[in-house]
Each structure stands twice: as structure tokens, then as C-alpha cells.
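Engineer: Below are the C-alpha cells for one structure; questions will follow.
The values are calculated or read from the model by the stated rules, or taken from the named source; none is laboratory data. Values in this document were obtained by computation on a predicted structure and should not be read as measured data. All Cβ positions, even for glycine, are placed from backbone atoms using ideal geometry, and neighbour counts span all protein chains on display. Just the protein is used for accessible areas: all its heavy atoms, side chains included, with ligands, DNA and RNA removed. Shrake-Rupley method; radii C 1.70, N 1.55, O 1.52, S 1.80 Å.
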Amino acid sequence: MGRLRNLISIQDLTREDIDLILDTSAKMESVAVKRSKELEGKIMATLFFEPSTRTRLSFESAMIRLGGSILGFADVATSSAGGKGETLADTIRTVERYADVIVIRHNLDGSARLAAEFSRIPVINAGSGSEEHPTQALLDLYSIRKLKGKIDGISISLCGDLKYGRTVHSLGMALSYYGVTVKLAAPPGLRMKPAIIDEMKKAGLRVTEVDTLEEAVKDVDVVYMTRIQKERFPDVRDYDAVQGKFRLRLQDVGMMRQDAVILHPLPRVDEIEPEVDKTPQAKYFDQVYNGVITRMALLRLILG
Ligand code: NCD
């Protein structure tokens with residue numbers, strides 16, 4: 001890739017770009033431990049208009065491990081955007097004067113793209129509404145590669161809220177670059193957007209939709225669980241109707257392949273029973289660390 005500038009949608013990247021990010025991530029494993037000074041003097045601003053634990057802290061940890069500095073807000077209510085009604089454009093025009101890269105999470109679809117249009121410095125999308133979460137997809141791919149040794153040829157089930165879950169949108173599109181088999185399992189009303197299914201099929205992926213978690217967990221290499229995105233439901237009664245429907249229990253793990261892995265972008269609410277955590281298949285807390293590694297690679301490719 002030419003020098004990477006913004007990362008707004010996973011579709012901004014080619015397969016070669018993604019492979020380069022994953023290869024650079026592998027190189028970051030030792031740098032993450034030793035630390036480096038290669039981004040000394042660079043500043044990363046994190047603008048989080050929505051709650052976050054892992055995404056913001058892993059970006060910050062990544063920048064610090066590369067010797068860079070961080071600033072930002074995590075609570076929109078204390079920023080002028082929340083407290084005084086400043087527009088996103090004006091917030092960006094301000095923050096670009098303080099930093100070298102902006103990492104933004106916002107509740108509106110299209111927000112990161114809009115921010116990039118106004119920004120003279122690179123913008124990274126850390127979650128735009130229910131639309132996309134491209135850096136999560138990169139860390140998911142990296143986790144799969146690290147755990148299974150490859151991405152091409154694997155089979156994966158995407159389970160849970162495939163309608164409002166932005167991580168599965170980005171991951172689904174990213175998987176289109178690889179020769180994989182995909183099962184989609186969602187409660188009624190939360191199916192994957194048809195446009196993304198079409199995209200995957202057009203790319204030659206074998207995609208099937210199943211109705212139950214039991215069918216989803218069988219005969220796959222990766223079970224990717226997601227939280228029902230309560231905050232995105234226009235009517236809470238629709239949430240109540242699906243809440244608790246897709247719960248991964250110990251007995252479901254018993255039906256999985258011995259060497260299968262369970263991933264989850266986290267946070268978890270009740271969709272994976274805590275007893276599952278101690279099974280060898282449970283890899284979601286290891287996956288968290290890969291977020292630091294892949295974000296180090298991204299920051300290096302954008303700022304280095
Ligand atoms: C996800 C998100 O914000 O979309 N969290 C994360 O960044 N790991 C998933 C979720 O909130 O369910």
C-alpha cells in the first residue's frame with residue numbers, strides 16, 4: 001500500500017494492505033514487550049463520543065509502547081461537543097491542531113468518514129454507529145491467524161447481533177478477501193445485512209444462515225460471539241424479545257471441535273456463560289491483547 005492515511009472502512013483496504021498490517025503486527029509482538037521510541041514526538045488524540053474500555057485503552061497502550069503521546073476525552077459530556085453543542089466538524093478542526101492522528105468513536109453511521117473529510121491529519125475509525133469497526137476486524141483477523149495459523153481455508157460462525165453489531169459488519173467484509181466458509185447465526189430480526197451477505201457471496205465465500213447456536217458451533221474452526229446491541233434498538237421491547245436467546249453454554253462447547261476457538265470483541269453481557277471461560281476453546285481474553293499489537297502496527301504504518 002502507499003502510505004496508509006485514514007482507516008474509515010475495512011473496504012478502504014485491499015487484501016495486500018490487510019496482509020501487510022497483519023505481518024507488521026507479527027513484528028510488533030516483540031516491540032510491544034521491549035517498547036520503542038519510533039513514534040517519539042507524535043501525538044494521538046482519542047475522541048470517544050461513546051463508551052469504550054478496550055478500544056480506547058488499547059490504542060493508548062499501543063501509542064505509549066511506541067514512544068508516542070496521547071490526549072483526548074472519554075466522556076463526551078465533559079467536552080464542548082456534548083456540553084455546548086459544538087459540531088463534529090468544529091471539534092475536528094480544533095483537535096487537528098493538537099495532534100498528529102485522530103482516533104474517533106461516534107454513535108452515528110458515517111461519522112468517521114465525515115471527520116476524515118474535515119481533518120488535515122489522519123483519522124482512524126474506532127466505531128461508527130452500527131456501521132463499522134475496522135480496527136476490531138483487523139485484530140480479529142490477526143487473532144485467527146495467530147490461533148489457527150492461517151485465515152484462508154478456515155470456517156467461522158458469526159453469532160449474535162449481526163444487524164446492529166458493527167464488528168461483524170467489518171469482519172464479514174474483511175473475510176471476503178479470504179477463502180473461508182461462513183455460518184451466520186442470529187436471533188429473529190437481527191440477521192446480517194443482505195448487502196454484506198451479497199458482498200461475501202460475490203467474493204466466492206460459502207455462506208449459510210442457521211437459526212440456532214447449536215447449529216452454529218458445530219464443525220467450525222472459529223465461533224465468533226457478539227453482544228446484542230441494546231443501545232441501538234429503536235424500541236426496547238424488541239430487545240426484550242431477543243435478550244438471552246443466544247447464550248453459549250458449557251454444553252455447547254462440548255459440541256464444538258476440540259481445536260475450535262471462541263472469540264468475542266467484548267464486552268460480554270450474558271451471551272457467554274462464565275463457565276465457558278475456563279475451557280481451552282475460550283480465547284476472547286487473549287484476543288484483547290492482540291488489539292494492542294494490531295493498533296501498534298496501524299499507528300506505525302500511518303505515522304512511522
Ligand atoms: C464492540 C463495539 O464497540 O462495537 N466493542 C469493542 O470495541 N470491542 C462490541 C460491542 O460493544 O458489543
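Engineer: Can you compute the modelled spin-label distance between residue 236 and residue 35, with each label point 7 Å from Cα toward Cβ, in nm?
Structural biologist: 4.5
Engineer: Return the lysines within reach of residue 193: Cα separation strictly under 24 angstrom, same-chain partners fewer than 8 residues apart disregarded; answer none if there are no such residues.
Structural biologist: Correct list for residue 193: 163, 183, 201, 202, 218, 230, 245.
Engineer: Given 138, 196, 233, which one lies farthest toward the positive end of the charge dipole of the range 130-234, if we put +1 on the Cβ of every Lys and Arg and -1 on the Cβ of every Asp and Glu?
Structural biologist: Towards the positive end, the residue furthest out is 138.
Engineer: Taking amide H positions as placed in the peptide plane 1.01 Å from N, state which residues far from residue 209 in sequence (5 or more) or on other chains have amide H under 5 Å from it.
Structural biologist: So residue 209 has HN proximity to 184.
Engineer: Continuing with this model, one more query. Whole percent per 10 Å bin, from 0 to the bin with the longest distance: what is P(r) over all C-alpha pairs of the range 1-132?
Structural biologist: Pairs per bin, as whole percents: 12, 41, 37, 10, 0.
Engineer: Which of the aspartates and glutamates could be linked to residue 84 by a straight reach, that is with a Cα gap under 16 Å, when you skip same-chain ones fewer than 8 residues away?
Structural biologist: The reachable aspartates and glutamates, counting only those whose Cα sits under 16 Å from residue 84, are 75.
Engineer: Turning to a different aspect of this structure: Counting only C-alpha contacts under 8 Å and six or more residues apart, can you give the relative contact order of the range 147-289 as a whole percent?
Structural biologist: Relative contact order of the range 147-289: 24 percent.
Engineer: Now a separate question. What's the whole-number percent of alpha carbon pairs in the chain lying beyond 33 angstrom?
Structural biologist: Working: 10011 of 46056 pairs.
For the chain, the fraction of Cα-Cα distances above 33 Å is 22 percent.
Engineer: Moving to a separate point now. What is the antiparallel percent of DSSP beta bridges lying wholly in the range 92-184, to the nearest 5?
Structural biologist: Working: 1 of 9 bridges.
Counting only bridges with both partners in the range 92-184, antiparallel ones make up about 10 percent.
Engineer: Which percent of the accessible area of the chain is formed by carbon and sulfur heavy atoms (probe 1.4 angstrom)?
Structural biologist: 50
Engineer: Pull up the DSSP beta bridges for the chain and report the antiparallel fraction as a percent, rounded to 5. List each step's numbers first, then the result.
Structural biologist: On the way: 1 of 35 bridges.
Among the beta bridges of the chain, antiparallel pairing accounts for roughly 5 percent.
Engineer: Can you pull the Kirkwood radius for the range 135-288, inverse mean 1/r over Cα pairs, to one decimal in Å? Provide the component values of the computation, followed by the final result.
Structural biologist: Numbers: mean 1/r = 0.0653 Å⁻¹.
Across the range 135-288, the inverse of the average 1/r is 15.3 Å.
Engineer: Further question on the same structure: Can you compute 3J(HN,Hα) from phi for each residue in the range 283-288, using the Karplus curve 6.51 cos²θ - 1.76 cosθ + 1.60 with θ = phi - 60°, rounded to whole Hz and x for Gly and Pro?
Structural biologist: Taking θ as phi minus 60°, the curve returns 10, 5, 7, 5, 4, 4 Hz for the range 283-288.
Engineer: Residues of the range 99-195: accessible area per residue at 1.4 Å, in Å²?
Structural biologist: On the way: 2720 Å² over 97 residues.
Accessible area per residue, the range 99-195: 28 Å².
Engineer: Please report, in debye to the nearest 20, how large the charge dipole of the chain is about its Cα centre when each Lys and Arg carries +1 at its beta carbon and each Asp and Glu carries -1 there. Each step should come with its number before you reach the end.
Structural biologist: Values: 43 positive and 42 negative charges, 143 e Å.
Value, rounded to 20: 680 debye.
Engineer: Pulled fully out, how much extra length does the chain show between residue 86 and residue 278, if you take 0.36 nm times their separation in residues and subtract their Cα-Cα distance? Write out the running numbers ahead of the final one.
Structural biologist: Working: separation 192, 0.36 × 192 = 69.12 nm, distance 4.64 nm.
Between residue 86 and residue 278, full extension yields an extra 64.5 nm.
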